[in-house]
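What follows draws every value from the coordinates through simple rules; no lab data is involved. Computed from a prediction, not measured in an experiment: that's the story for all the values here. Because the Cβ atoms are built from the backbone with ideal geometry, glycine has one as well, and the counts that use them run over all protein chains shown.
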Amino acid sequence: MAKKPPLRKPHPKLPALDSKALAHITPDLRPLAVPIDSVIEDPTNVRLHGEDSQRHLSASYAHFKQRKPVVAQVREDGALPVVRAGNGTLRALRAAGHGWVAAVVVEEDDVTATAYAIADNRTAEISKWDLPALRTTLGSLPHAPPGVDDDWLAEIDAILTGGDFGQLPPVEEGDDGGAGPARNENVLKVVVGDETAIKDCAVAISALLREHPEWQASLK
């Protein structure tokens, strides 16, 4: 079966598709590769990638290679295209020393590009894990994939079994429930991970706070 032609002409300096320079990109995406320094991170990106997020992203790309292109906007002012979806990807590949990134390039105004960037992140957040199926699937894998650690597995198990959500410590005699940083972490230590788990924990948290009104002060 003949391969479909790429949607745009390959970059004029693109190395041979089987070259080591493109080995970190899955083969079907290699015709979309552009020099990594020819695009920039979104300076107005409202999605944060903390240290843990970036560490897991880097591990994922080291293991699976780049399987999805970033989306870069060609700007009206003629400056370097801005990555509107995939900033974490771009950062992870740069940190690993790669010189090329697979990218879909779009020509649109800043308002449309910014709206897309927010929609891309938000629509992913609205989805929800099927926790029983997820736990079964994870248990069937020989190794945990990048992004899955013991803390997250413990969170899933606590939700599924109605557990204690992180071993809430008792309030010691004479403790006024002050709202210092250490107190905030220890009085009500509930691991919720991502946004989709918050609703699942809300009922349990509310019940605990009704039982222990002295913990309310630590949340202020």
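General remarks:
- Counted by neighbouring Cβ atoms within 10 Å, the residues L131, L93, L29 run from fewest to most as L131, L29, L93.
- Cut-off under 5 Å, modelled amide H: who pairs with R75 long-range: V82
- Couplings for region 148-157, taken from phi via the Karplus curve 6.51 cos²θ - 1.76 cosθ + 1.60 with θ = phi - 60°, read 10, 10, 4, 5, 5, 4, 5, 4, 4, 5 Hz in order; Gly and Pro are left as x.
- 30 Å Cα-Cα threshold exceeded, pairs from K9/K128; K13/K128; K13/K65: K9/K128; K13/K128
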